[in-house]
Amino acid sequence: MNKKIGLFWLRDDFRVLKNYGLIEATRSHDQVVVFYLYKKHNYKYQEAQKWWLSKSLIYFRKNLNKLNINLEIIETESFKFFFEKLFKKNDFSFYWNKVYEPDYLKFDEYLVRNFRNKNILHKICKGNTLNEINEIKKNDGTPFKVFTPFWRIAEKYYIEKIPPKEKLIKKCFKSKNYFENSIDPKEILPNKNWFKNFENLWLPSEENALKELRNFIKNKITKYSESRNYPNIVGTSKLSPFIKFGQIHVETIWLECEKIKPKNFGTSKFLAEIGWREFNHTLINHFSHMLKNNYSKKFDKFPWEKNSKFLNAWKKGLTGYPIVDAGMRELYSTGWMHNRVRMIVGSFLVKHLLINWKEGEKYFRNCLLDYSPASNVAGWQWVAGSGADAAPYFRIFNPILQGEKFDKEGAYVKKWVPELKDLPKKFIHKPWEFNDEKFKLGKDYPKPIVKHEQARVKALSAFKKI
Ligand SMILES: Cc1cc2nc3c(=O)[nH]c(=O)nc-3n(C[C@H](O)[C@H](O)[C@H](O)COP(=O)(O)OP(=O)(O)OC[C@H]3O[C@@H](n4cnc5c(N)ncnc54)[C@H](O)[C@@H]3O)c2cc1C
């Protein structure tokens, strides 16, 4: 046993199971301290996630305490500043897991360099993906830009890997504090009270992640490939925030799905969605410019319009298009939005309103509990047409037809846009055609801010310019 203390840097890995760095630390040291570095600035535009983070710290701390491990939360304005002070000590060994984002991976190189120079024992372990980013390449050694061939190879590669011997976490001998000035997780909560509703909907703990997964597998996965399209039913797993914060490892998801007998199409479709997440992570690492700019350079010349009135109407769910408004209100109220509706509201912003996808990406970042740079940027660029393997720009979602197809009865709209709850089904996705003295368009519900057909023609002509 290493006599020094084992320090584990907690980032997106709020779990005990398959937390490779933490497991290594507990198996090598009698005493382990887990610490989280809270950089307020990083969360400036991630208000919803402050709530998830704060709760996750509370739940994870309880689990760690049972293992005689303390969790300390340190507020810092700069990781470098924090580590420069830490490098001056030599009474610890250091453990952490990868986060597959270019800035984090670059920072890991800096850490490794310094630990080596200072002769500090350190170990960086696999993060929350099935394969490592660099493992999946085309035959010519270049990264994939299209999902289907990527996933064919990635899935096969993962299946054929020899699974490492499963190691479990070890209870520590005695708990210990290491840092000074640990803050209370409640200090992280957003100032605005709108997150109160999240409390009724989500339980951000590791145990709950596994429970939700098993519940989904037992009751929903068989029909997943069909039911995932309908926002009025809970047909998907809703595991995304748990995966983002690492309350569950995607390897655990894979293993639980492996147990399903006989195999069904729903399961492979579900695992392919995990594959999209994996694909997005490889994209942002191989083409890191896409995190801030268009993946496809030709979109740099796209004639986006600046229109704060339209942008605000979109954010508030007051565009006059019921399925769009329902989605935006669901997002604000629950911190989550159904994937089908993410595509519809995204398309509406960039194609009907001609507003740059970066505005939508920024707003989603602030409101989504599952916000992840890889999937948000890739999702937005997929919708805008500027991404890798993206929907072509000229394919413009018609919000009326999308509503009629995926929310046939209007149940989703009625739930989130209660002003429309008494409208006959026929008009629920086009309330402007409803003529009734009890319903005043423009007063009870907004008139459409743009006309679909005109907006479509305008979008296509803007696209022709590039
Ligand atoms: C504009 C836009 C922005 C998005 N932003 C994010 C984001 O910030 N974070 C995020 O996790 N997902 C994002 N997505 C992808 C997707 O909408 C969510 O992952 C999904 O809705 C989460 O719900 P679920 O857990 O029930 O998914 P399920 O259908 O149950 O899928 C299981 C898991 O697979 C992954 N997954 C599913 N669909 C996708 C997808 N299309 N792309 C990548 N991974 C996927 C997620 O980790 C998800 O939890 C975005 C999609 C769009 C169109």
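The values are calculated or read from the model by the stated rules, or taken from the named source; none is laboratory data. Computed from a prediction, not measured in an experiment: that's the story for all the values here. We place every Cβ from the backbone using ideal geometry, glycine too, and count neighbours over all the protein chains shown.
For segment 138-152, filtered to residues that are in contact (Cβ under 8 Å) with a residue 60 or more places away in the chain and part of a loop (DSSP other than H, G, I, E, B), the residue that is farthest from Ala388 (Cα to Cα) is Pro143. Taking Glu180 as the residue in question, decide whether it is under 29 Å from Leu53 (Cα atoms), free of Cβ contacts under 8 Å to residues at least 24 places away in the same chain and in a loop (DSSP other than H, G, I, E, B). Yes, satisfied. Entry remark, segment 360-395: residues being surrounded by fewer than 21 Cβ atoms within 10 Å (Cβ to Cβ) and away from the ligand (no atom under 12 Å from the Cβ) number 3 in total. Of all residues in segment 305-336, those satisfying the criterion of being buried (at least 24 other Cβ atoms within 10 Å of the Cβ), within 16 Å of the ligand (Cβ to nearest atom) and over 20 Å from Ala462 (Cβ atoms) are Ile323, Ala326, Gly327, Met328, Leu331, Gly335. Filtered by the rule that a residue be in contact (Cβ under 8 Å) with a residue 60 or more places away in the chain and within 21 Å of the chain's Cα centre (by Cα), segment 293-321 gives Asn294, Tyr295.
Pairs linking a residue in segment 256-285 that is in the same structural domain as Lys244 (by TED's automatic domain parsing) and surrounded by fewer than 19 Cβ atoms within 10 Å (Cβ to Cβ) to a residue that is assigned to a helix (DSSP H, G or I) and of a type in the set (Lys, Arg), with Cβ atoms under 8 Å and 6 or more positions apart or on different chains, are Glu256/Arg214. Contact map, segment 2-18: residues that are at negative phi paired with residues that are surrounded by fewer than 24 Cβ atoms within 10 Å (Cβ to Cβ) and in a loop (DSSP other than H, G, I, E, B), Cβ distance under 6 Å, separation 6+ or inter-chain. Pairs shown: Lys4/Asp91; Ile5/Gln31; Arg11/Val99; Asp12/Val99; Val16/Ile169. Determine whether Gly275 is within 13 Å of the ligand (Cβ to nearest atom), within 23 Å of Gly127 (Cβ to Cβ) and touching a strand residue (DSSP E or B) at 6+ places or on another chain (Cβ under 9 Å). No; evaluated as a whole, the condition is false for this residue. Screening Leu130 on (1) surrounded by fewer than 20 Cβ atoms within 10 Å (Cβ to Cβ); (2) aliphatic (A, V, I, L, M); (3) part of a loop (DSSP other than H, G, I, E, B) shows it passes everything except condition (1).
Annotation note: of Gly266, Gly320, Gly275, the sole residue that is within 30 Å of Asp103 (Cα to Cα) and in contact with a helix residue (DSSP H, G or I) (Cβ under 9 Å, 6 or more places away or on another chain) is Gly275. The criterion of at least 1 residues that are touching a Leu at 6+ places or on another chain (Cβ under 8 Å) and aliphatic (A, V, I, L, M) is met, among strands (runs of 3 or more DSSP E) falling completely within segment 1-112, by 5-10, 32-38, 70-75. For Phe299, the requirement of being under 16 Å from Ala384 (Cα atoms), at pLDDT 95 or above, in a helix (DSSP H, G or I) and more than 13 Å from the ligand (Cβ to nearest atom) is met.
For segment 184-198, the count of residues that are closer than 30 Å to Ile159 by Cβ and under 18 Å from the mean Cα position of the chain (by Cα) is zero. Is it the case, given these coordinates, that Pro231 is more than 13 Å from the ligand (Cβ to nearest atom) and not assigned by TED's automatic domain parsing to the domain that holds Asp370? Judged against the criteria, Pro231 is not a match.
Can you tell me how many residues in segment 168-186 are touching an Asp or Glu at 6+ places or on another chain (Cβ under 8 Å) and surrounded by 12 or more Cβ atoms within 10 Å (Cβ to Cβ)? Counting residues in segment 168-186 that are touching an Asp or Glu at 6+ places or on another chain (Cβ under 8 Å) and surrounded by 12 or more Cβ atoms within 10 Å (Cβ to Cβ) gives 6. The condition of being assigned by TED's automatic domain parsing to the domain that holds Arg340, acidic (Asp, Glu) and surrounded by fewer than 18 Cβ atoms within 10 Å (Cβ to Cβ) holds for only one of Asp444, Asp407, that being Asp444. Counting only helices (runs of 4 or more DSSP H) that fall entirely inside segment 183-292 and contain at least 1 residues that are closer than 19 Å to Leu17 by Cβ, the qualifying elements are 206-219, 240-244, 250-258, 265-286.
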